[in-house]
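Here the structure comes first, spelled out in C-alpha cells, and everything after it is commentary.
The values are calculated or read from the model by the stated rules, or taken from the named source; none is laboratory data. On a predicted model such as this, the values are computed, not experimentally measured, just so you know. Cβ coordinates were reconstructed from backbone atoms using ideal geometry, including for glycine residues, and neighbour counts include every protein chain displayed.
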Amino acid sequence: MEPTLSSQPAESPGAPIDESATQLSRRGFLRAAGVISLTGVAAGVAACQNATSPQWSFGPVASAAAPASAAVASVAPSVAATTVAPSIAASPVPSAVASPSASLPANLPAGWTAHDVAARAVVRRYVGNLAPALQGVYGDTVFNEMVKILGAADNYPELTRKPSFVQVPNLFVTDLLAPLKPTKDADGYVHFDMTVDDFDWQIDELKAPVKATGYNKQWPGPTMRVKEGDKVRAVFKNNRQETTSVHFHGVEFDNFFMDGVPFVTQLPIAPGETFTYEFTANRPGSLMYHSHHNATDQVGRGQLGAFVVEPKAPVAEEKAVDGVDYTWISNDTLGGFTINGHGFPATVPVLAALGQTVRIRFMNEGTMGHPWHSHGYGMKVIAKDGFYLPQPYVCDTLMVNPGERYDVTIKAERLGIWAFHCHILPHVEGTDGMFGMVNTMIVVPKPEHITAILGLLTA
Ligand SMILES: [Cu+2]
C-alpha cells in the first residue's frame, strides 16, 4: 500500500484537547497538508540509495523574504563573512537580550517573552511542512498535541515550507543521492579525484554565507567510502590560493610519505598543484580525511570529511543495522557549533521506524569536546576510533573529543520526536532559542512513513 501522509481518516481523540484552538489550527494544518499531498510517492530509502540522479530539490534561499515568524528569531549572521582566522570568539554568542526588534504577537500566552516566540520560531523552521504530514504518521491524538505546541492556530508560513535542513545542501542528501563514486585504475587501485576549493556556505538558510574552504565544494567533503584492504589512490587538486595537504586520519600507512604532514612527510601542495596519496585501507571503520596544514583555519572552515572503510568481517552489532547509516561530523569554529556544516534548525534529523536499528558515526573535527546526549533511548557504543570495542556498552551521553570517532547503534524502541544534542548548553541554546549542535531522532511507526517523509522532502 502506498503511504499517504495527508489523508489519514480522523481517529478517536485521546488526550483532552482545547477544541477551539484545535479547530482553528487544524484548518491551517489541513490547508498546508493539501499543498504537500504525498499520494504517488514511491521512492523509499532503498530506492533513493539506488537513484542514479539526485531527486532532491533545494528550495529557494530565504533572505529578504524571511518569514515573519522566523524573523523574530535571530537571523543576523553572528559570524562576519570575511572572518578568516577562526576562534572561539567567532562562534555565535547568544545575545544578552532576545531580539529587541521582535514584534510580539497580540495573543501571547501569559508569561511568555520574546525568548519564547523566538524559540518556537526556530522549531517551526526545523519542522517546516513535515508538521501537517505528521497527522498521518502519528494519528490525531499526537497530531493535535503538536498543533498546540507549535501554535499552528497562527497558520504560520513555515507550515508550507520545507524544513530548514532541506533548504541547504547537506552531507546526508549528497551521500544518499549522489554518493562519491571512485573509479578503478588499471593497476587495481580505487581512484578518487578530489578538489580543494573556496566557496560560500550557509550554516542555515537564513544566515549570510561564510567563506568556507573544503573538498568538492562541500562542508563536510563527500564521504570517501572504500573496502578494507582496498588500495586507494586519492588525487587532490588544490584550487585555492593557499598551500595545503591532506591527512587520512586513522590510516596506518606503510609509506610514511603518504601521511600528509607538510615539512615532515611532504612539501605543501601549492596553489594549482595536484598531489596523489596512495595507501592500503588496512583498517576498517570510521576514519576521516582533513587538511593538516594551517589546519586551525583550514579544518575550521570546512576542509574535513569522513573516510569510511567497510570491514571484511562486520560485527554482530553492525549486521543488526537495518536503518540508515548516519555520519555526524562536528565542528565549532567559523560556522559556530555545527553538525555536518550546519547548525540547528538546518541539521538533518535521524529517521527510524519502530524496531529499526540505525547507526551514527560521531566524528569530531572541532577544537573542543562535545557530549552527545540522546533523549528517550540509549546508544550502544560499538567502536572507538574505528576499533571495535571488545565489550560494547550503552549510554545516553557520549563525550567525543577532537579527533575522536565513536560508532553507535540505536534501536528505535519508542515513537516520537526525541531531542538529540550536545550537552554543553552554550553550544545549543541561547536567548533566541536552540541553535548549533541540536538535532532530533524521529521515530515513526513504520518504514513506509520514512519513505513518505523522504518523498515529501524530495517533492
Ligand atoms: Cu558541544
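Could you check, for the range 285-305, whether at least one of its residues is in a strand (DSSP E or B) and charged (D, E, K, R)?
Within the range 285-305, not a single residue is in a strand (DSSP E or B) and charged (D, E, K, R).
From (1) crowded, with 22+ Cβ neighbours inside 10 Å; (2) over 19 Å from VAL400 (Cβ atoms), pick out the condition that doesn't hold for ASN282.
Unmet for ASN282, out of (1) crowded, with 22+ Cβ neighbours inside 10 Å; (2) over 19 Å from VAL400 (Cβ atoms): (1).
Got a number for residues in the range 182-211 being part of a loop (DSSP other than H, G, I, E, B) and within 22 Å of the chain's Cα centre (by Cα)?
Of the residues in that region, 8 qualify.
Criterion first (within 14 Å of the ligand (Cβ to nearest atom) and crowded, with 22+ Cβ neighbours inside 10 Å) does GLU404 satisfy it?
no
May I ask you to list the residues in the range 379-401 that are within 13 Å of the ligand (Cβ to nearest atom) and either part of a strand (DSSP E or B) or surrounded by 19 or more Cβ atoms within 10 Å (Cβ to Cβ) (or both)?
THR397, LEU398, MET399, VAL400
If the requirement is being part of a loop (DSSP other than H, G, I, E, B), surrounded by fewer than 21 Cβ atoms within 10 Å (Cβ to Cβ) and at positive phi, which of these qualifies: GLY336, GLY376?
GLY376
Restricted to the range 415-434, and to residues that are within 12 Å of the ligand (Cβ to nearest atom) and over 17 Å from ASN340 (Cα atoms), which residue is surrounded by the fewest Cβ atoms within 10 Å (Cβ to Cβ)?
LEU425
Taking the criterion of being over 13 Å from ILE410 (Cα atoms), of a type in the set (Val, Ile, Thr), away from the ligand (no atom under 16 Å from the Cβ) and not assigned by TED's automatic domain parsing to the domain that holds ASP204, would at least one residue in the range 347-362 satisfy it?
Yes, some residue in the range 347-362 is over 13 Å from ILE410 (Cα atoms), of a type in the set (Val, Ile, Thr), away from the ligand (no atom under 16 Å from the Cβ) and not assigned by TED's automatic domain parsing to the domain that holds ASP204.
List pairs: first residue in the range 412-424 and more than 16 Å from LEU134 (Cβ to Cβ) and at pLDDT below 95, second residue assigned to a strand (DSSP E or B) and among the small types (Gly, Ala, Ser) anywhere in the structure, Cβ distance under 6 angstrom, at least six positions apart or on different chains.
none
When the residues of the range 228-282 are filtered to those that are charged (D, E, K, R) and without any contact (Cβ under 8 Å) to a residue 40 or more places away in the chain, which remaining residue is farthest from HIS293 (Cα to Cα)?
My answer is ASP254.
Mind checking which pairs have a first residue in the range 436-459 that is closer than 20 Å to THR327 by Cα and a second that is crowded, with 22+ Cβ neighbours inside 10 Å and among the small types (Gly, Ala, Ser), Cβ under 6 Å, 6 or more apart or different chains?
From residues that are closer than 20 Å to THR327 by Cα, the pairs are GLY436/GLY336; GLY436/GLY343; VAL443/ALA352; VAL443/ALA412.
Only one residue in GLY323, GLY343 is within 14 Å of the ligand (Cβ to nearest atom) and either surrounded by 22 or more Cβ atoms within 10 Å (Cβ to Cβ) or not hydrophobic (A, V, I, L, M, F, W, C) (or both). Which one?
On inspection, the qualifying residue turns out to be GLY343.
Sort out which residues of the range 98-123 are surrounded by 16 or more Cβ atoms within 10 Å (Cβ to Cβ) and either touching a Gly at 6+ places or on another chain (Cβ under 8 Å) or among the hydrophobic types (A, V, I, L, M, F, W, C) (or both), and write them in order of number.
ALA98, ALA102, ALA114, HIS115, VAL117, ALA118, ALA119, ARG120, ALA121, VAL122, VAL123
Among the residues of the range 226-251, count how many are over 14 Å from PHE307 (Cα atoms) and not in a loop (DSSP other than H, G, I, E, B).
5
(1) closer than 19 Å to MET194 by Cα; (2) over 21 Å from the mean Cα position of the chain (by Cα); (3) not β-branched (Val, Ile, Thr): which one isn't true of PRO311, the others all being true?
Unmet for PRO311, out of (1) closer than 19 Å to MET194 by Cα; (2) over 21 Å from the mean Cα position of the chain (by Cα); (3) not β-branched (Val, Ile, Thr): (1).
Look through VAL308, VAL246 and report the one residue that is touching a Gly at 6+ places or on another chain (Cβ under 6 Å) and among the β-branched types (Val, Ile, Thr). Let's see the steps before the verdict.
Numbers: VAL308 fails: touching a Gly at 6+ places or on another chain (Cβ under 6 Å).
The match here is VAL246.
Any residue that is of a type in the set (A, V, I, L, M, F, W, C) and surrounded by fewer than 18 Cβ atoms within 10 Å (Cβ to Cβ) - is there at least one of those in the range 435-442?
Looking for residues that are of a type in the set (A, V, I, L, M, F, W, C) and surrounded by fewer than 18 Cβ atoms within 10 Å (Cβ to Cβ), one finds none in the range 435-442, hence no.
Would you check if there is a residue in the range 415-423 being in the same structural domain as VAL348 (by TED's automatic domain parsing), assigned to a strand (DSSP E or B), out of contact with any Ser or Thr (no Cβ under 7 Å at 6 or more places or on another chain) and within 15 Å of TRP328 (Cα to Cα)? I'd like the intermediate steps shown before the answer.
Restricting attention to the range 415-423, the residues satisfying the condition of being in the same structural domain as VAL348 (by TED's automatic domain parsing) are 415-423.
Imposing the further condition that a residue be assigned to a strand (DSSP E or B) reduces the set to 416-422.
Retained after the next criterion (residues that are out of contact with any Ser or Thr (no Cβ under 7 Å at 6 or more places or on another chain)): 416, 421-422.
Adding the requirement that they be within 15 Å of TRP328 (Cα to Cα) leaves 421-422.
Yes - at least one qualifying residue is present in the range 415-423.
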